[in-house]
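The values are calculated or read from the model by the stated rules, or taken from the named source; none is laboratory data. Since the structure is predicted, the reported quantities are computational estimates derived from the model, not experimental observations. Cβ atoms come from the backbone with ideal geometry, glycine included; neighbour counts cover every protein chain shown. Side chains are part of the model used for accessible areas, which takes the heavy atoms of the whole protein and leaves out ligands, DNA and RNA. Shrake-Rupley method; radii C 1.70, N 1.55, O 1.52, S 1.80 Å.
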Amino acid sequence: MCIPFYILSDQTNPYKNIALEEYLLRDVREDECILYLWQNRHTVVIGVNQNPWKEAHVKELEGDGGFLARRMSGGGAVFHDLGNLNFTFLAHEDNYDIGRQLDVIIRAVAKFGIHAERSGRNDILTDGKKFSGNAFYNSCGRRYHHGTLLLDVDMSNLSRYLNVSHTKLQSKGVDSVRSRVINLKELAPDMTIGSLQGALVEAFGEIYGGTPQLLPEDRLNRDKIAGYEEKYASWEWRLGRRLPFTVEYSNRFEWGELTLQFCVESGVIKDAIAYSDGMDTDYIKAIGNTLRGSVFSSSEIKAKLRDLALLEPVDKAMLNDIISLVDEHNF
């Protein structure tokens, strides 16, 4: 059992909101669960291991006054505007339960007469169309589960600012981004951001067996939050570096898309980076450092990837897929 708390952000700046999210993760106590509700204006948010230049039309987005943000969790790129409501559940491991957390979302939209169901690990659908995508993160025994709720998003901006790969769409058997998503307002015309927030807080209390309390203001250390905001707004965190790669290998697997880029000089990997929308992030993040300085040969790279799996645990099927990508090219 845990004490349910909730907090509503009064900001629409993504760097401030993601900073508060990380602060809440570091601050959540063992006997509580926190529901955090927030909105970003005109923003593309990418997963921790994604290539921003590939996933988003960055120049056009920022030229239109938008924001490019990178979160700590894995998964794919998403577009946020003020027709979208974001949620985050934060708890220690003992109180973290993805099933219950998803049930909060499903029960909340049911209050508007919308029947919803989970699809895989990441999505919530109604009538076969997605209105919520989810991602997950854990650190030092604390975890969060966050996602989007499409209420009245400008769908034209999904294709305007997101560059969704054709292989990803084909793997889902659809022709476009817009064909597989739906705004909740199409099904519940009277729904507003405020009424949806209220339904989520109410459902949170029903699922967790208590009346949610507003998180006290004195729990928030504004100096620490400002420090996190500086990180999330930085060029280094958001855009990092564009690798001047000489070799690139890419494929889509059941768990996500993977791209390996190498800068090779005289048969040696001078630099390397792995991009992915996969949900298991730590192994992917470590690939670049692991391969840097290695001989550019498939046998050497496969050995290094297997050694890395001893340090950064990874699903066996996922490791085999990554090894198979290297094997395909047999260099």
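Can you pull out every residue in segment 192-248 that is among the hydroxyl-bearing types (Ser, Thr, Tyr) and buried (at least 18 other Cβ atoms within 10 Å of the Cβ)?
So in segment 192-248, the residues among the hydroxyl-bearing types (Ser, Thr, Tyr) come out as 192, 195, 208, 211, 228, 232, 234, 246.
If the condition is that a residue be among the hydroxyl-bearing types (Ser, Thr, Tyr) and buried (at least 18 other Cβ atoms within 10 Å of the Cβ), then Tyr208, Tyr228, Tyr232 are the ones that fit.
Could you list, in sequence order, all residues of segment 273-301 that are farther than 30 Å from Gly147 by Cα and open to solvent by less than 40 Å² (accessible area, probe 1.4 Å)?
Thr290, Leu291, Ser294, Ser297, Ser298, Ile301
Does His80 fit the bill of being open to solvent by less than 60 Å² (accessible area, probe 1.4 Å), of a type outside the set (Val, Ile, Thr), in contact with a strand residue (DSSP E or B) (Cβ under 8 Å, 6 or more places away or on another chain) and farther than 30 Å from Glu62 by Cα?
Values: open to solvent by less than 60 Å² (accessible area, probe 1.4 Å): yes; of a type outside the set (Val, Ile, Thr): yes; in contact with a strand residue (DSSP E or B) (Cβ under 8 Å, 6 or more places away or on another chain): yes; farther than 30 Å from Glu62 by Cα: no.
In short, no.
Within the set of pairs 6+ apart or on separate chains, which have a first residue in segment 301-319 that is at pLDDT 95 or above, a second that is open to solvent by less than 30 Å² (accessible area, probe 1.4 Å) and outside any helix (DSSP H, G or I), and C-beta atoms under 6 Å apart?
Close Cβ pairs satisfying both conditions: Lys304/Ser294.
Are there any pairs with C-beta distances below 6 angstrom linking a residue in segment 5-18 that is farther than 19 Å from Ala199 by Cβ to a residue that is aromatic (Phe, Trp, Tyr) and open to solvent by 20 Å² or more (accessible area, probe 1.4 Å), with the two at least 6 apart or on different chains, and if so which?
Between residues of segment 5-18 that are farther than 19 Å from Ala199 by Cβ and residues that are aromatic (Phe, Trp, Tyr) and open to solvent by 20 Å² or more (accessible area, probe 1.4 Å), the close pairs are Pro14/Phe67.
Among the listed residues Thr88, Thr12, identify the single one that is out of contact with any helix residue (DSSP H, G or I) (no Cβ under 7 Å at 6 or more places or on another chain) and within 22 Å of Gly227 (Cα to Cα).
Values: Thr88 fails: out of contact with any helix residue (DSSP H, G or I) (no Cβ under 7 Å at 6 or more places or on another chain).
None of the others qualify; the one that does is Thr12.
Here are the criteria: (1) at pLDDT 95 or above; (2) farther than 29 Å from Ser139 by Cβ. Tell me which single one Ser298 does not satisfy.
Condition (1) is where Ser298 drops out.
Could you please find all residues in segment 140-159 being under 30 Å from Glu30 (Cβ atoms) and either open to solvent by less than 20 Å² (accessible area, probe 1.4 Å) or assigned to a loop (DSSP other than H, G, I, E, B) (or both)?
Cys140, Gly141, Tyr144, His145, His146, Gly147, Thr148, Leu149
Under 18 Å from the mean Cα position of the chain (by Cα) and under 21 Å from Leu162 (Cα atoms) - does that describe any residue in segment 241-251? Show your work before the answer.
So in segment 241-251, the residues under 18 Å from the mean Cα position of the chain (by Cα) come out as none.
Scanning segment 241-251, I find no residue that is under 18 Å from the mean Cα position of the chain (by Cα) and under 21 Å from Leu162 (Cα atoms), so the answer is no.
Of the conditions (1) surrounded by fewer than 22 Cβ atoms within 10 Å (Cβ to Cβ); (2) of a type in the set (D, E, K, R); (3) closer than 25 Å to Asp152 by Cα, Glu32 clears all except one; give me its number.
With respect to (1) surrounded by fewer than 22 Cβ atoms within 10 Å (Cβ to Cβ); (2) of a type in the set (D, E, K, R); (3) closer than 25 Å to Asp152 by Cα, Glu32 is out only on (3).
Suppose we filter Phe262, Phe253 for residues that are closer than 30 Å to His57 by Cα, without any contact (Cβ under 8 Å) to a residue 40 or more places away in the chain and among the aromatic types (Phe, Trp, Tyr); which single one remains? Full working, then the answer.
Working: Phe253 fails: without any contact (Cβ under 8 Å) to a residue 40 or more places away in the chain.
Criteria check complete, one pass: Phe262.
Filter segment 117-127 down to the residues that are in contact (Cβ under 8 Å) with a residue 24 or more places away in the chain and either closer than 26 Å to Arg29 by Cα or not in a strand (DSSP E or B) (or both) and list them by number.
Looking only at segment 117-127, we keep the residues that are in contact (Cβ under 8 Å) with a residue 24 or more places away in the chain, and these are 121-122, 126-127.
Passing the criteria: Arg121, Asn122, Asp127.
Met191 versus (1) of a type outside the set (Phe, Trp, Tyr); (2) out of contact with any strand residue (DSSP E or B) (no Cβ under 8 Å at 6 or more places or on another chain); (3) assigned to a helix (DSSP H, G or I): which is the lone unmet condition?
(3) is the only condition that Met191 fails.
Working carefully through the options Tyr23, Tyr15, find the one that is open to solvent by 10 Å² or more (accessible area, probe 1.4 Å), more than 23 Å from Pro216 (Cβ to Cβ), of a type in the set (Ser, Thr, Tyr) and outside any loop (DSSP other than H, G, I, E, B).
Details: Tyr23 fails: more than 23 Å from Pro216 (Cβ to Cβ).
None of the others qualify; the one that does is Tyr15.
Among all residue pairs at least 6 apart or on different chains, which show Cβ distances below 6 Å where the first residue, located in segment 188-217, is under 20 Å from Thr148 (Cβ atoms) and modelled with pLDDT of 95 or more and the second is open to solvent by 50 Å² or more (accessible area, probe 1.4 Å) and part of a loop (DSSP other than H, G, I, E, B)?
Close Cβ pairs satisfying both conditions: Ala188/Phe112; Met191/Phe112; Ala199/Lys111.
Is it the case that segment 39-48 has a residue that's farther than 23 Å from Asp282 by Cβ and open to solvent by 40 Å² or more (accessible area, probe 1.4 Å)? Reasoning before the result, please.
Of segment 39-48, the ones farther than 23 Å from Asp282 by Cβ are 39-44.
Going one step further and asking which of them are open to solvent by 40 Å² or more (accessible area, probe 1.4 Å), we end up with 41-42.
Within segment 39-48, one or more residues are farther than 23 Å from Asp282 by Cβ and open to solvent by 40 Å² or more (accessible area, probe 1.4 Å).
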